[in-house]
Structures are given as structure tokens and as C-alpha cells.
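Engineer: Here's a structure for you.
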């Protein structure tokens with residue numbers, strides 16, 4: 001654990017969406033409590049963890065994301081994977097829930113095109129089916145549990161985007177240690193459209209989730 005307490009402000013009386021909302025608020029508050037120095041240090045540690053995963057090192061194409069303020073920093077991972085010669089795809093947000101991808105060039109090329117949107121490359125968009133190129137998909141998440149249930153930001157973008165992934169592509173959620181929940185005692189709320197991820201990576205460790213058959 002990072003020293004930050006794991007929040008679980010829900011009980012059996014909550015509707016699923018209310019439970020998700022309460023968890024999102026608590027986890028975002030935890031993330032905002034980290035200093036800029038701690039966020040930078042965590043970003044370096046996330047990169048080290050990702051590079052320790054054999055499937056990441058062997059992947060030719062990796063889908064990742066450029067982090068927004070408050071999210072686990074991904075720039076160190078983008079730099080490290082680029083140094084290894086990986087082709088990296090980043091999400092591009094269109095109108096509404098339009099899903100698209102572009103190839104990552106470098107940090108200087110990334111631009112935030114509208115408030116609240118993640119930084120995006122200037123390279124041409126490749127269409128939603130470009131995700132089929134990815135051998136490994138590293139997903140943003142607010143939390144994940146031992147069943148592979150992922151708590152996202154609430155827009156449903158990734159649940160829709162992942163429908164375009166190859167069947168053999170593996171998905172990993174990137175979260176802080178206290179955001180990895182034991183489903184036996186603190187299961188994350190899940191709706192029918194919430195897709196499971198195959199694994200989890202934190203600043204200190206990673207694992208495949210057995211419930212996903214890996």
C-alpha cells in the first residue's frame with residue numbers, strides 16, 4: 001500500500017450507479033491529495049512495473065493513454081516504451097463517445113484540444129478498428145478488483161473501445177496500490193456493460209487475474 005487508506009464508502013443499500021459515484025469521488029479525492037513530487041515518482045514506478053511484464057516487453061503494438069492531471073502519470077512509460085521501439089496507439093476523443101486512435105510520436109507533439117480531454121497526438125486518426133493492431137492494451141482506471149472489474153471515469157468510452165480489440169489482446173488496468181480491491185471483501189460495483197480486464201499493474205507489482213483464465 002502507498003500509505004493512503006483504501007476507500008469503500010458503499011453498502012448493500014446503494015444502487016450500482018450510486019455506489020460507483022461514491023467510489024469515484026473518494027478515489028479522486030485520494031489522488032488529489034498526492035503532491036506533484038509523489039505523482040512524478042509514481043509515474044516512474046508505474047513505468048518500471050510495466051516494463052517488468054514479459055508480455056509488454058514482447059508486444060509489438062501497445063495501446064496506452066496520455067494521462068490527465070490526477071491520473072497515474074504515463075509519460076515515463078510512453079518514453080520507455082518508445083525507447084524500446086514499440087508502436088504506441090493513443091486514444092482520440094471525438095464528438096460524444098466517438099472512439100478513435102492515433103500513433104504516438106513524442107511528448108512535444110501531444111496537445112490538449114479541449115478542457116478535460118487527455119493530450120492527443122497530431123498524427124492522423126486511424127479509426128476505432130486500429131485497436132485490433134494492439135497486442136497489449138493498458139487502460140486507465142480509478143480502481144480494479146481481483147475479478148477484473150474495472151471502475152472507469154464514468155463515460156463508458158473504454159468499455160465501448162475495447163469491443164474492437166483482438167480476442168488474444170490482453171488488457172491491464174493501471175492503478176495505485178490502494179486502488180486494487182479484494183473482491184471477496186470489497187467487490188467493485190459492476191453493470192452488464194462493464195468489461196473485465198485481464199490484469200492489474202501498480203507502482204510496486206503486477207499480476208494477471210485468474211478469473212480471466214490467464
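Engineer: For residue 191 paired with residue 153, estimate the spin-label separation in nm (one decimal), with each label point 7 Å from Cα along the Cα-to-Cβ line.
Structural biologist: With each label placed 7 Å out from Cα toward Cβ, I get 1.7 nm.
Engineer: May I pose another question? So how far, in whole Å, is the C-alpha centre of the range 16-38 from the one of the range 77-155?
Structural biologist: Rounded to whole Å, the Cα centres lie 21 Å apart.
Engineer: Ok, one more. With both partners inside the range 41-139, how many of the DSSP beta bridges are antiparallel, as a percent to the nearest 5?
Structural biologist: Details: 6 of 11 bridges.
Bridges in the range 41-139 are about 55 percent antiparallel.
Engineer: What fraction of the DSSP beta bridges in the range 35-212 is antiparallel, stated in percent and rounded to the nearest 5? Spell out each step's value before the answer.
Structural biologist: Values: 12 of 27 bridges.
Percent antiparallel among DSSP bridges in the range 35-212 is about 45.
Engineer: Which label marks the calculated value of percent of Cα pairs over 29 Å apart, given the options (i) 20; (ii) 28; (iii) 33?
Structural biologist: Label of the calculated value: (i).
Engineer: Using only DSSP helix segments of four residues or longer, with each worth -39500 (n - 2.57), what per-residue ellipticity at 222 nm results for the chain after dividing by its residue count and rounding to 500? Can you show the working numbers first?
Structural biologist: Numbers: 5 runs with 52 residues, N = 214.
About -7000 deg cm²/dmol.
Engineer: Right, another one. For the range 1-96, what is the per residue volume of the convex hull drawn over the alpha-carbon atoms, in cubic angstrom?
Structural biologist: Values: hull volume 14.3 nm³, N = 96.
Residue-normalised Cα hull volume stands at 149 Å³.
Engineer: Under the 0.36 nm per residue contour assumption, what length would be gained going from the current alpha-carbon distance of residue 107 and residue 60 to full extension? Before the final figure, lay out the partial values.
Structural biologist: Working: separation 47, 0.36 × 47 = 16.92 nm, distance 2.00 nm.
Between residue 107 and residue 60, full extension yields an extra 14.9 nm.
Engineer: Something else now. For the chain, modelled as a Gaussian network with Cα springs under 10 Å, which listed residue fluctuates most, 54, 91, 121?
Structural biologist: Residue with maximal mean-square fluctuation among 54, 91, 121: 54.
Engineer: Mind listing P(r) for the range 60-151? All alpha-carbon pairs, 10 Å bins, whole percents.
Structural biologist: Answer for the range 60-151: a P(r) of 15, 50, 32, 3 percent.
Engineer: Relative contact order of the range 35-212, please, whole-number percent, based on alpha carbon pairs below 8 angstrom and at least 6 residues apart.
Structural biologist: Details: 361 pairs, mean separation 38.3, N = 178.
Normalised by residue count, the contact order of the range 35-212 is 22 percent.
Each reported figure results from applying straightforward, stated rules to the coordinates on display, with no laboratory input. As the structure is a computational prediction, the values presented were derived from the model and not from experiment. We place every Cβ from the backbone using ideal geometry, glycine too, and count neighbours over all the protein chains shown.
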